[in-house]
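The values are calculated or read from the model by the stated rules, or taken from the named source; none is laboratory data. Keep in mind it's a predicted model, so treat the numbers as computed, not measured. Note that each Cβ is placed from the backbone with ideal geometry, even for glycine, and that neighbours are counted across all protein chains shown.
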């Protein structure tokens with residue numbers, strides 16, 4: 001498990017054992033004063049996006065095959081992907097430069113971080129401004145531990161996702177949230193399973 005989960009457990013008064021379960025879920029939801037519905041949706045999505053709270057930094061160490069699968073329009077052939085294989089810095093510049101407020105240097109610096117993988121200069125800048133944390137722009141690695149859950153809470157607030165959470169925990173609401181968070185429906189069945197399980201812990 002990552003240090004980020006232990007850090008979060010300590011903050012919320014839970015045993016910092018690095019294992020996500022019922023008591024940790026209840027501790028987080030209580031600390032941040034979330035309803036069972038909001039807590040279940042937040043933690044269910046975070047559970048999937050972070051690989052059960054293990055990962056808070058985007059891993060761009062891709063193979064040729066993985067790049068062609070994840071970015072088929074950018075890497076339609078093995079030849080086009082080969083220069084970026086196992087080269088995270090070059091890959092970040094290739095896939096993120098010119099997007100989300102990134103120039104080439106920003107593309108490399110502002111890769112996905114936090115429990116929901118906050119990505120891009122524009123998102124980092126907005127988070128830093130809204131949370132009064134200007135140091136984030138100089139040191140985005142702070143999102144990997146100290147502010148890992150805050151990135152997720154901020155994303156839900158910024159994109160008005162709490163209102164969807166308030167509609168209840170159902171396959172439809174989880175699907176709607178997944179689209180807004182993921183841009184598609186990757187891992188939908190797993191998100192649904194985890195969200196419903198966590199909801200049962202909280203009610």
Check: What residue, of 46, 29, is on the phi < 0 side of the Ramachandran plot, within 17 Å of the chain's Cα centre (by Cα), assigned by TED's automatic domain parsing to the domain that holds residue 174 and in contact (Cβ under 8 Å) with a residue 24 or more places away in the chain?
Finding: 46
Next item on the list: Working only within the range 37-77, note down all residues that are in a loop (DSSP other than H, G, I, E, B) and touching a helix residue (DSSP H, G or I) at 6+ places or on another chain (Cβ under 7 Å).
Entry: 53, 56, 60, 61, 62, 71, 74, 75
Checklist line | Only one of 90, 132, 81 that is out of contact with any strand residue (DSSP E or B) (no Cβ under 8 Å at 6 or more places or on another chain), farther than 29 Å from residue 196 by Cα, outside the structural domain of residue 187 (by TED's automatic domain parsing) and buried (at least 20 other Cβ atoms within 10 Å of the Cβ) | finding: 81
Check: buried (at least 19 other Cβ atoms within 10 Å of the Cβ), at negative phi and assigned to a helix (DSSP H, G or I): does that describe residue 190?
Finding: no
Check: Is the range 143-159 home to any residue that is more than 24 Å from residue 57 (Cβ to Cβ), crowded, with 21+ Cβ neighbours inside 10 Å and not assigned by TED's automatic domain parsing to the domain that holds residue 116?
Finding: no
Next item on the list: Look at the range 100-156 and say how many of its residues are part of a helix (DSSP H, G or I) and touching a residue at least 12 places away in the same chain (Cβ under 8 Å).
Entry: 27
Checklist line | Matching residues, the range 135-159, being closer than 23 Å to residue 93 by Cβ and in contact with a strand residue (DSSP E or B) (Cβ under 9 Å, 6 or more places away or on another chain) | finding: 140, 141, 142, 143, 144, 151
